[in-house]
Amino acid sequence: MKVTLNKKILGKNAECALQNRTFFAEYNTLCLNVISSPGSGKTTIISKTISDLKDKLKIGVIEGDIKTDTDAAKIRETGAPAVQIETRGACHLSAQQITGKLGAISAADLDVVFIENVGNLVCPSDFDLGEQGRVVVLSVPEGDDKPAKYPGTFAKADVLLINKIDLLS
């Protein structure tokens, strides 16, 4: 017996991603989804970017972590608005979670919104958040085999940043 539901499993996520994309286009806000393994340096890269561009661009951050608001607090130290999404065990952020936080950082007034996704190279690659670009961070201590092990994540990247190159030796 074949049962047809005619409903995509990620249908609600796709609707919210479109809503987010429309929002960012309407307010001319660039949204970048930053994906990497835990400890690769996402928060540090975003903090440094904010510090370097604070006189030129208004930047805000939506932080995703399983627990704590540690990274959002670090971002707020730069003077940029940041909100935390605690996934409480989920390995990725959803477009609906992003939609719910756009007002909290006044995204309509920003030039750039960074979404720092949960530290994971598997799950985040399957979830469109409504971003205009995906940035994947690979740190040297992780090894050079990550693109082969997680091809979906790297194939969907618009930008690949290789971090911690001072440890290359």
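The values are calculated or read from the model by the stated rules, or taken from the named source; none is laboratory data. The structure presented is a predicted model; accordingly, all values stated were derived computationally and were not measured. Counting neighbours? That spans all protein chains shown, and the Cβs are built from the backbone with ideal geometry, glycine included. Surface accessibility is based on the protein's heavy atoms, side chains included, excluding ligands, DNA and RNA. Shrake-Rupley method; radii C 1.70, N 1.55, O 1.52, S 1.80 Å.
For the chain, the Cβ-based charge dipole about the Cα centre amounts to some 480 debye (Lys, Arg positive; Asp, Glu negative; other atoms uncharged). On a per residue basis, the chain carries 55 Å² of accessible surface, using protein heavy atoms and a 1.4 Å probe. For the stretch 61-154, applying the loop criterion from DSSP together with a ceiling of 15 other beta carbons within 10 Å to the GluC sites (Glu not before Pro) yields E77. In the structure shown, the pairs K12/K146; K2/K149; K56/K149; K56/K101; K58/K149; K48/K156 are assessed against 32 Å; a Cα-Cα span above that value is assigned to K2/K149; K56/K149; K58/K149. Among S139, S106, S125, the largest mean-square fluctuation in a Gaussian network model of the chain (Cα springs under 10 Å) belongs to S106.
Once you sort the root eigenvalues of the Cα gyration tensor of the chain as a ≥ b ≥ c, which label holds: rounded (a/c under 1.5), prolate (a/b larger than b/c) or oblate (the other case)? In terms of gyration-tensor shape, oblate.
Take the chain, connect every pair of alpha-carbon atoms lying under 10 Å apart with a spring to form a Gaussian network, then pick out the residue of D111, D55, D69 with the largest mean-square fluctuation. Residue with maximal mean-square fluctuation among D111, D55, D69: D55. Among K156, K56, K42, the largest mean-square fluctuation in a Gaussian network model of the chain, built with springs joining Cα atoms closer than 10 Å, belongs to K56. Cβ distances below 4.7 Å define possible disulfide partners, and in the chain the cysteines left without one are C16, C31. Helical runs assigned H by DSSP (4 residues or longer) give the chain a calculated mean residue ellipticity at 222 nm of -8500 deg cm²/dmol, each run adding -39500 (n - 2.57) before division by the residue total.
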